[in-house]
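Single-structure report; data block below.
Quick note: the coordinates plus some simple rules give every number you see, no bench work behind them. Keep in mind that this is a model prediction, so the values were computed, not measured. Neighbour counts are summed over all protein chains in view; Cβ atoms, including those assigned to glycine, are modelled from backbone coordinates with ideal geometry.
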2 protein chains.
Amino acid sequence: MFANTPKPPYYAVIFTNQRAATDPEGYGLTAERMVELAAQQPGFLGVESVRGADGFGITVSYWESEAAIAGWKAHAEHQIARENGRGRWYRAFTTRVAKVERAYSFDTERLDTSTAPSEESSQQ
Amino acid sequence: MFANTPKPPYYAVIFTNQRAATDPEGYGLTAERMVELAAQQPGFLGVESVRGADGFGITVSYWESEAAIAGWKAHAEHQIARENGRGRWYRAFTTRVAKVERAYSFDTERLDTSTAPSEESSQQ
């Protein structure tokens, strides 16, 4: 569920949204299809996504470049999905495009305690 | 639950994490306290946070500047919480610091259909 992104810099599209209660099936199918399609786009680096029980969700997708984001935005099937999103599936959303400047990770399963003190791997 | 952020540019700290099953009470209290404390920091612009049923979570906090992020990172109580996070509450996490370059929003409750065609408000 974690995106395995490369060393920064790269781009993040932060999509925060509140689902409407309508059409869970249509929404679910399209959401799956969009992840599948996005993963085939040039410059796609990964995606992380969560939805809470109250219908509030955050999806962050990662991209090599602004051009890669523009390419995905222009994809015909994605355009149709976005149109449905505005009209039907989301009560509200915000999309933010951001340039990732630094990143670091921690994973207990990759911890080698013999190499303390630093247990964080910097991707900066 | 949406952060009411100003016009870009500003900064986002994208914290994606997998909770360990341990200590839900201690974690919950500290998580609440951290949101309360962060909101008092100079340069804090807002926060958006979701956790799924599987324990995977995304929290995005928004900041005026790199200096504001550094100030929050240096906060003594936040440092202690982070230490506990690494040792106890999170199985794994990634933190990414990113500069938000553009943003746009959609909200059905703010829609004025008489002013079509654009139903998205750009914050760019």
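The table below gives the values:
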quantity: Strands (runs of 3 or more DSSP E) completely within the range A:1-119 that count 2 or more residues being at the interface with chain B (Cβ under 7 Å from one of its Cβ atoms), in contact with a strand residue (DSSP E or B) (Cβ under 6 Å, 6 or more places away or on another chain) and over 22 Å from B:GLY46 (Cα atoms); calculated: A:90-107
quantity: Neighbours by Cβ (under 9 Å, 6+ apart or cross-chain): first from the range A:32-43, on the phi > 0 side of the Ramachandran plot; second aromatic (Phe, Trp, Tyr) and part of a helix (DSSP H, G or I); calculated: A:GLY43/A:TRP72
quantity: Check on B:VAL50, buried (at least 18 other Cβ atoms within 10 Å of the Cβ), free of Cβ contacts under 8 Å to residues at least 40 places away in the same chain and of a type in the set (Val, Ile, Thr); calculated: yes
quantity: Odd one out for B:ALA53, checked against (1) under 25 Å from A:GLN18 (Cβ atoms); (2) under 15 Å from the mean Cα position of the chain (by Cα); calculated: (2)
